[in-house]
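The values are calculated or read from the model by the stated rules, or taken from the named source; none is laboratory data. Fair warning: this is a prediction, and the values are worked out from it, not measured in the lab. Note that each Cβ is placed from the backbone with ideal geometry, even for glycine, and that neighbours are counted across all protein chains shown.
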Amino acid sequence: MELKISRLSKTYANGVQALRDVSLTIPRGMYGLLGPNGAGKSTLMRTLATLQEADSGSVFLDELNVLAQKDEVRKTLGYLPQEFGVYPKVSAEDLLDHFAVLKGIINGRERREVVRALLEQTNLYEARKKKLGGFSGGMRQRFGIAVALLGNPRLIIVDEPTAGLDPAERVRFLNLLSELGENSIVILSTHIVEDVSELCSRMAIINQGEILLEAEPLRAIDSLSGRVWKKILTRDELPAYERDYRVISTKLLAGRILIHVHGETQPDASFDPVDPDLEDVYFTAMAGLRSGEAALSGAEAAS
């Protein structure tokens, strides 16, 4: 099972080109789509979810033409958008039952079994009689996944699912997503690097509608080994270092600034080597700097 996206483009009426020849092959399992706000992630997700048209390109879920066979795609699609509404005075059990009817599960006994199983899977069964207006952010997200799982979808799309969740709810939600990736294609669209590093066996970085990098996270991290350096500066020193070095990230640290610099060799003796992580991969790609395996993977994705 795979989702194959070929040269997908989209330009809005205001002239913003949201997608520029996006090509990706996404296998079963968890796949991370990483990028800043406005990068084109949501446009791509809505297009895959059959909610808007592309200007050009093709998308196939195995033999199914996603852009042309929208009704068929919706039968095997689970979609959790970044923002979704619920009826605050309705219980989780009743609303999920209602969505099950809309999904075509008409038989009452079958529907009750499906609703119960999904509430248990999302750890909401004990709260099934509780009104949705009293749910926490994490509980609402898990309810959204329960709705998305109706009909045993082959393709599950989740858009910025952990934004605003507290650490405990985030862990519970990510564990749930990880389980789903065993039997379906799960696309996790996010700007949170940690979500991708903890879950996804493959990932793509997108910015301004273009795929900058497509790779396995661990291989992309390994490709930066020996190429990232750090130094602590004062605020006044920062502009000169940004001018003279390839600074990929800055972070406040006890009133001073920690910079990470990309370079094939140690810039000078005042810099220390860094064990790179996925955040360094992300910022390196965003800065237009690629090397080693990361550069190869990015070139493959663009071809």
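See the values below:
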read-out: Verdict on K41 being touching an Asp or Glu at 6+ places or on another chain (Cβ under 9 Å), among the basic types (K, R) and either at pLDDT 95 or above or more than 23 Å from V158 (Cβ to Cβ) (or both); value: no
read-out: Scan of region 125-143 for residues that are modelled with pLDDT under 90, crowded, with 16+ Cβ neighbours inside 10 Å and not hydrophobic (A, V, I, L, M, F, W, C), ordered by number; value: G138, R140, Q141, R142
read-out: Top-ranked residue in region 153-171 [being of a type outside the set (D, E, K, R) and touching a residue at least 60 places away in the same chain (Cβ under 8 Å); ranked as farthest from Y79 (Cα to Cα)]; value: A163
read-out: Identity of the residue in region 152-171, surrounded by fewer than 22 Cβ atoms within 10 Å (Cβ to Cβ) and aliphatic (A, V, I, L, M), that ends up farthest from L3 (Cα to Cα); value: A168
read-out: Unique match (being surrounded by 17 or more Cβ atoms within 10 Å (Cβ to Cβ) and either outside the structural domain of L34 (by TED's automatic domain parsing) or at pLDDT 95 or above (or both)) among I205, I232; value: I205
read-out: Selection status of A92, under 25 Å from R170 (Cα atoms), outside the structural domain of R46 (by TED's automatic domain parsing), modelled with pLDDT of 90 or more and under 27 Å from the mean Cα position of the chain (by Cα); value: yes
read-out: Flag if T162 is assigned by TED's automatic domain parsing to the domain that holds T50, among the β-branched types (V, I, T) and modelled with pLDDT under 85; value: yes
read-out: Among the candidates I206, I145, residue that is over 20 Å from V114 (Cα atoms), aliphatic (A, V, I, L, M) and touching a helix residue (DSSP H, G or I) at 6+ places or on another chain (Cβ under 7 Å); value: I206
